Amino acid sequence: MTFFEPTDMRKAHTPFDLPTNLVEQIKFISPNIHELNAIAQCLQYDGEYPVPGVDCDSTDAKLFNDLKNVTKFVNEKIENVIVTLGPMGIMMARRNDATSAIYDKEGRYIPRMRASECEIRLYETMRMKEIVNVSGAGDSFASGFIVAMIQGLPENVSVSVGFEASKCALMSSSPVPIIDHASKANGRPGENIAVGVANNTPHTTITRENTWKVVINTLLRTIPIAAWMI
C-alpha cells in the first residue's frame with residue numbers, strides 16, 4: 001500500500017514508469033495541479049489540461065472543468081486522487097461518498113467498489129490572513145490526512161485534519177510545524193505549537209509527540225468542513 005506525495009513536477013511521473021504490478025500498489029496520490037498534469041501525461045491523457053492562473057479561484061469554470069476531467073482520468077488508475085490547490089483547498093476523487101471511511105477501525109484498507117461511479121468533491125478552505133512559511137504545507141496536509149484516515153475516520157474529517165495540519169505548517173517558520181508562538185514569545189522556541197480550528201474555537205497547545213492526536217480530537221468536536229460535488 002503506497003501513498004505517493006510528489007515533490008517535483010519533473011519527478012511526478014517517475015512511479016508510473018514502473019511495471020504495472022508495482023503501479024497498482026499506489027493507492028493514494030496527492031499532487032498539485034502541475035504534478036497532476038505530469039502524471040496524466042505519463043498515463044497518456046489526451047484531453048485538455050488545467051492551466052491555473054496567478055489569481056484563479058473556485059469560480060474559474062474552465063479551470064475546474066479541465067481539472068475535473070484530468071482527475072477523473074487519473075482516478076481510473078489510482079483509487080484515491082487528492083489534488084492540492086493551495087489556498088483554494090483540495091479536490092478529492094474516489095468511488096465512495098464523503099462520509100465513508102477509507103480504512104476500517106482495525107486499520108485495514110477498504111478497496112473501492114469497481115461498479116461505483118467516481119465521485120469528485122471540492123473541499124474549500126478559508127484563506128489565511130497571515131502566512132509565515134509555505135514550505136511543508138502539502139507534506140503536512142498529507143501527514144494529517146493519513147493519520148486520521150488510518151484511524152478509520154471518514155473522508156471529510158480526514159480532510160479537515162489535513163487542513164489543520166497544513167495550517168500549522170503555514171503558521172510555522174519551520175517546514176515541520178513544531179513552534180508554539182506563545183512559548184516563543186516567552187523565550188522557549190521549539191517546544192509546542194498552538195493549534196486552533198474553525199468557528200473561533202479556543203486554541204489548544206499541543207506537544208510534538210501528540211500533535212495529530214490532539215488535532216483529531218479537537219476536530220471531532222466540531223462540524224466537519226463541507227464538500228462540494230462538482
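Every number here is computed from the coordinates shown, using simple stated rules; none is lab data. Owing to the predicted nature of the structure, the values given are computational and were not obtained by experimental measurement. For neighbour counting, all protein chains shown are included, and Cβ atoms are generated from backbone atoms with ideal geometry for every residue, glycine included.
Observations on the structure shown:
- Most to least packed among 29-35, 92-98 [average Cβ atoms within 10 Å]: 29-35, 92-98
- Cross-link pairs exceeding 24 Å in C-alpha to C-alpha distance, out of LYS27/LYS62; LYS62/LYS129; LYS72/LYS129; LYS27/LYS68, comprise LYS27/LYS62; LYS62/LYS129; LYS72/LYS129.
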